[in-house]
Amino acid sequence: MTDATRAPRERPLSPHLQVWRWHITMLTSILHRVTGVGLYLGALIAAAWAVSLASGAEAYATFKAVLGSPIGKFVLFGMTLSLFYHLANGVRHVVWDLGHGLDVKSANASAALVLAFALAATIAVWVIAGMTGAL
């Protein structure tokens, strides 16, 4: 038999955002999770696209009208940003898994690089889309 008592023990408290000083790697960690959830929602949009396409011309026209609205374009811009951010941060994690870039200076620099890449790639895609008439 065990000598353990059944009395509840005090559990350690998790660190809260009020305890930790904000830094860029904390931001990128949170954004990685948020963009992952956003990409799941984007998968639902892609599924709705496929369903509307299979449902006929009228349903597809309605779908295009919704995504072509200002709110729809805003959502698509956010999805593009999420995609590029999640991609770049995933590559960053692969580099970390290989044992590189784990010191504070390198981690902060790679975090800034990920944010800059995501923003630049998103803007480039949307500018190209605008120039080709896709918007």
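With neighbour counts taken as other beta-carbon atoms within 10 Å, the residues Arg21, Arg33 rank, fewest first, as Arg21, Arg33. The largest-to-smallest principal axis extents of the Cα set in the range 24-131 are 55, 27, 19 Å. Legend: ranking of residues Glu58, Glu10 from fewest to most surrounding C-beta atoms inside 10 Å; resulting order Glu10, Glu58. What the phi angles of the range 63-71 give under the Karplus curve with 6.51, -1.76 and 1.60, with θ = phi - 60°, is a coupling list of 4, 5, 5, 5, 6, x, 6, x, 5 Hz, glycine and proline written as x. Counting every other Cβ atom within 10 Å of each residue's Cβ, Tyr40, Tyr60 order from fewest to most as Tyr40, Tyr60.
No lab work stands behind these numbers, since they all come straight from the coordinates. Just so you know, these numbers come straight off a predicted model, no measurement behind them. Because the Cβ atoms are built from the backbone with ideal geometry, glycine has one as well, and the counts that use them run over all protein chains shown.
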